[in-house]
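The values are calculated or read from the model by the stated rules, or taken from the named source; none is laboratory data. The structure displayed is predicted, hence computed values, not measured ones. Positions of Cβ are generated from backbone atoms using ideal geometry, with glycine treated the same way; all protein chains shown enter the neighbour counts.
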Amino acid sequence: MTVLVTGGAGYIGSHTVRALRQAGRAVVVLDTLELGHRAAVLDAPLVVGDVADATLVARLCGEYGVTQAVHFAAYKSVGESMQHPAKYWANNVGSAAVLFETLARHGVHEVVFSSSCSVYGTPPSVPVTEDAPIHPESVYAETKAVAERVLAWFERTDGLRSVSLRYFNAAGASADAVIGEDWAFSINLVPVVMKAALGRSGPLKVFGDDYPTPDGTCIRDYIHVDDLAAAHLAALDHLAAGGATTAVNVGTGTGSSVMDIIHATERISGRQVPYEVVARRDGDPVASFADPEHAAQVLGWRATRTLDDIIASAWAWHSTHPDGYGAG
């Protein structure tokens, strides 16, 4: 009974692989290493390859006795998806469909899918519930929404049940600073703030300070990556117990502003975060944070770590790994 983790050498994938192994579960990682790092999987079994390689996936299913899968492997840059849409359609939808078919044909009928709160676009109200309208505003977000629908069809045609986890803003690093987010591959706020604090970039750009929020900056739901990893284990357990296919928001239910992140980083690191306010970005919602009740009811999961936990772990990782995993 092994869990196949595609994209397991990436940021969220590697933390989930570690959580699975700490829980005593057998794991095999499949990753191209295009955006992941061999070092991030620690000593977990790693096979370098593509999820669209049906022969390889079939071999792994048989060789490792795969019974469940967690599918992370995808491109995830909103901006790039608008410039190179075909790349995103081919990988995030086409390759995913090949993977789902291969898994189903080889007896794997339980999949946890790495989705995104971006499927909602600009939410009409907050906190965001799972019945909010699906209204993607980028090719990336649309690929996640389409992949969820593809999974629904595979349940009808092949009996493949799934949990689509719609992440809010993953952040932080492992508590022991062994694995974390490589800022070379990330434009997420927390690593960008860390880079500015460590003098590894110019001033942080704050996109607008005139929003209708307490401090004028946008509000988002930041969730610790280890809490997010725990949500994947809970989703796998839900499916193993015969649970129904579902989509689940994965967030804390609490919003934090850009200035909240800056101030927490300054307080925890003891360093100033240089920043400059620039024009708003098109399409940035004023506020977006999750209603986590469905996750609590269906998966028995809630986030347990605070914003300070996120920032402290991110600071510990980035300050000791300023080059991420380096050449590894």
Conditions (1) out of contact with any Phe, Trp or Tyr (no Cβ under 8 Å at 6 or more places or on another chain); (2) part of a strand (DSSP E or B); (3) not charged (D, E, K, R); number of the one not met by Val119: (2)
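For Val51, state whether it is touching a strand residue (DSSP E or B) at 6+ places or on another chain (Cβ under 6 Å) and more than 21 Å from Ile223 (Cα to Cα).
On the way: touching a strand residue (DSSP E or B) at 6+ places or on another chain (Cβ under 6 Å): yes; more than 21 Å from Ile223 (Cα to Cα): yes.
Yes: the conditions hold for Val51.
Of all residues in the stretch 33-51, count the ones that are buried (at least 19 other Cβ atoms within 10 Å of the Cβ) and more than 22 Å from Trp183 (Cα to Cα).
Start the filter on the stretch 33-51 by keeping residues that are buried (at least 19 other Cβ atoms within 10 Å of the Cβ), which leaves 35-37, 40-41, 46, 51.
Filter once more, keeping what is more than 22 Å from Trp183 (Cα to Cα): 46, 51.
The number of residues fulfilling the criteria is 2.
Among the candidates Val108, Val146, single out the residue that is touching a residue at least 12 places away in the same chain (Cβ under 8 Å), in the same structural domain as Ala230 (by TED's automatic domain parsing) and part of a loop (DSSP other than H, G, I, E, B). Before you say what the answer is, go through the steps one by one.
Details: Val146 fails: part of a loop (DSSP other than H, G, I, E, B).
It is Val108.
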Residues (surrounded by fewer than 17 Cβ atoms within 10 Å (Cβ to Cβ) and touching a strand residue (DSSP E or B) at 6+ places or on another chain (Cβ under 6 Å)) located in the stretch 54-96: Gly65
